[in-house]
Amino acid sequence: MPAPLVGRKFGINAIPVPDRDNCRMIQVLGLSGSSRQQPGMSKSEKLLMRALERFAGFGCQTRFLRLKDLKIHDCEGNYSENPAYCTYPCQSSIKYDDDQMQVVYDSVLACDILILATPIRWNNHSALVQKFVERMNAIENQFSWFGNRMIRDKVAGMIIIGHVDGIQHVAGNLMNFFSWLGFHTPEVAIASWVGENDEDTTKDWAQIEGNRYTQEDLENLVTSSIRLACALKRHVAEETGTTGPGDR
């Protein structure tokens, strides 16, 4: 008789490490959606920083943005009145001199890989991430209404941390969002952790660090994102006759 299934097998699904020569031109953006008051308090952000360190270790160029540090006005729903009113640059960026969403737009458009980190808030992503999602409608609408695809050949991955909440619900919403924008998702698109139902958050980080499945997922998120980004760049190079990562 076959052996009974007793859980996920550790170590057999490791994604091969990319060739560092192929990683040097890959631009990675880490976007933190945590609302914690001080840097270093957020567990999702800690895991994001660890991912960026691993990307950098492969030779990728990394950038980190914390949504909480930026003044980002709400989406005012211009699309609901008329799709033609949802433009890029975003009307809120034009209307409010102190709006800093353009920093996010520029960083997203410049990256090859976007890793979005969010805590789970009542079975959903954070309010900061929701504001980011809604303001990114200016990018998505450029394609759906104006026929201008602004997100092309880019990779998106997620880090999701919660307590007694549903990772799959949050991941499903965000993967749908990234798909509409035009992002590709890698073989391993999510690194996650959910705490125990005792809700003792004081011991979470030690458990996250000690959870070999979360750590394996994080490693695979990094390597599979790089591999897909390199493959997309090679595809573009073949189509255009230019050189890209991996070309000799």
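In the stretch 193-224, how many residues are among the hydrophobic types (A, V, I, L, M, F, W, C) and over 22 Å from the mean Cα position of the chain (by Cα)?
Restricting attention to the stretch 193-224, the residues satisfying the condition of being among the hydrophobic types (A, V, I, L, M, F, W, C) are 193-194, 205-206, 208, 218, 221-222.
Imposing the further condition that a residue be over 22 Å from the mean Cα position of the chain (by Cα) reduces the set to 206.
Going through the stretch 193-224 one residue at a time, the tally reaches 1.
Filtering the stretch 130-149 down to residues that are hydrophobic (A, V, I, L, M, F, W, C) and surrounded by 18 or more Cβ atoms within 10 Å (Cβ to Cβ), which residue is nearest to A171 (Cα to Cα)? Lay out the reasoning, then the answer.
Quick first cut of the stretch 130-149, residues hydrophobic (A, V, I, L, M, F, W, C) only: 132-133, 136, 138-139, 143, 145-146.
Now narrow it down to the ones that are surrounded by 18 or more Cβ atoms within 10 Å (Cβ to Cβ): 132-133, 136, 138-139.
Values: F132: 15, V133: 13, M136: 17, A138: 22, I139: 21 Å.
Per the criteria, the residue is V133.
Any chance you could count how many residues in the stretch 200-223 are among the aliphatic types (A, V, I, L, M) and surrounded by fewer than 17 Cβ atoms within 10 Å (Cβ to Cβ)?
Step one: list which residues in the stretch 200-223 are among the aliphatic types (A, V, I, L, M), which gives 206, 208, 218, 221-222.
Applying the additional criterion that residues be surrounded by fewer than 17 Cβ atoms within 10 Å (Cβ to Cβ) yields 206.
Qualifying residue count, the stretch 200-223: 1.
Which ones in the stretch 181-199 are closer than 30 Å to R152 by Cβ and either among the β-branched types (V, I, T) or surrounded by 14 or more Cβ atoms within 10 Å (Cβ to Cβ) (or both)?
Initially, the stretch 181-199 is screened for residues closer than 30 Å to R152 by Cβ, giving 181-192.
Result: L181, G182, F183, H184, T185, P186, V188, A189, I190, A191, S192.
I'd like the full set of residues that are of a type in the set (V, I, T) and either assigned to a strand (DSSP E or B) or more than 27 Å from G147 (Cα to Cα) (or both), limited to the stretch 171-229.
Across the stretch 171-229, the qualifying residues are V188, I190, V194, T201, T202, I208, T214, V222, T223, I226.
Quick check: is even one residue across the stretch 108-130 over 27 Å from N220 (Cα atoms) and either more than 13 Å from the chain's Cα centre (by Cα) or in a helix (DSSP H, G or I) (or both)?
The first filter runs over the stretch 108-130 and keeps only residues over 27 Å from N220 (Cα atoms), leaving 122, 127.
Next, only the ones that are either more than 13 Å from the chain's Cα centre (by Cα) or in a helix (DSSP H, G or I) (or both) stay: 122, 127.
Checked against the condition, which is being over 27 Å from N220 (Cα atoms) and either more than 13 Å from the chain's Cα centre (by Cα) or in a helix (DSSP H, G or I) (or both), the stretch 108-130 yields at least one hit.
Determine whether I15 is in contact with a Ser or Thr (Cβ under 6 Å, 6 or more places away or on another chain), under 21 Å from A231 (Cβ atoms) and either crowded, with 16+ Cβ neighbours inside 10 Å or of a type in the set (F, W, Y) (or both). Show your work before the answer.
On the way: in contact with a Ser or Thr (Cβ under 6 Å, 6 or more places away or on another chain): yes; under 21 Å from A231 (Cβ atoms): yes; either crowded, with 16+ Cβ neighbours inside 10 Å or of a type in the set (F, W, Y) (or both): yes.
Yes; evaluated as a whole, the condition is true for this residue.
If I filter the stretch 36-54 down to residues being under 13 Å from the mean Cα position of the chain (by Cα) and in contact (Cβ under 8 Å) with a residue 40 or more places away in the chain, which single residue comes out as surrounded by the fewest Cβ atoms within 10 Å (Cβ to Cβ)? It would help to see each step written out before you state the result.
Taking the stretch 36-54 as the starting set, the residues that turn out to be under 13 Å from the mean Cα position of the chain (by Cα) are 44-45, 47-49, 51-52.
When the remaining residues are screened for being in contact (Cβ under 8 Å) with a residue 40 or more places away in the chain, the result is 44-45, 47-48, 51-52.
On the way: S44: 26, E45: 24, L47: 26, L48: 27, A51: 24, L52: 20.
Per the stated criteria, the residue is L52.
Is it true that S44 is hydroxyl-bearing (S, T, Y), touching a helix residue (DSSP H, G or I) at 6+ places or on another chain (Cβ under 7 Å) and either at pLDDT 95 or above or not in a helix (DSSP H, G or I) (or both)? So that I can check it myself, show each step before the final result.
On the way: hydroxyl-bearing (S, T, Y): yes; touching a helix residue (DSSP H, G or I) at 6+ places or on another chain (Cβ under 7 Å): no; either at pLDDT 95 or above or not in a helix (DSSP H, G or I) (or both): yes.
Spelling it out, it is not the case that S44 is hydroxyl-bearing (S, T, Y), touching a helix residue (DSSP H, G or I) at 6+ places or on another chain (Cβ under 7 Å) and either at pLDDT 95 or above or not in a helix (DSSP H, G or I) (or both).
Could you pull out the residue among M158, M175 that is within 30 Å of N82 (Cα to Cα) and at pLDDT 95 or above?
Numbers: M158 fails: within 30 Å of N82 (Cα to Cα).
Every option except M175 fails the conditions.
Any idea which of (1) touching a Phe, Trp or Tyr at 6+ places or on another chain (Cβ under 8 Å); (2) surrounded by 16 or more Cβ atoms within 10 Å (Cβ to Cβ) is the one Y85 doesn't satisfy?
(2)
The values are calculated or read from the model by the stated rules, or taken from the named source; none is laboratory data. Computed from a predicted model, the values in this text were never measured in an experiment. Note that each Cβ is placed from the backbone with ideal geometry, even for glycine, and that neighbours are counted across all protein chains shown.
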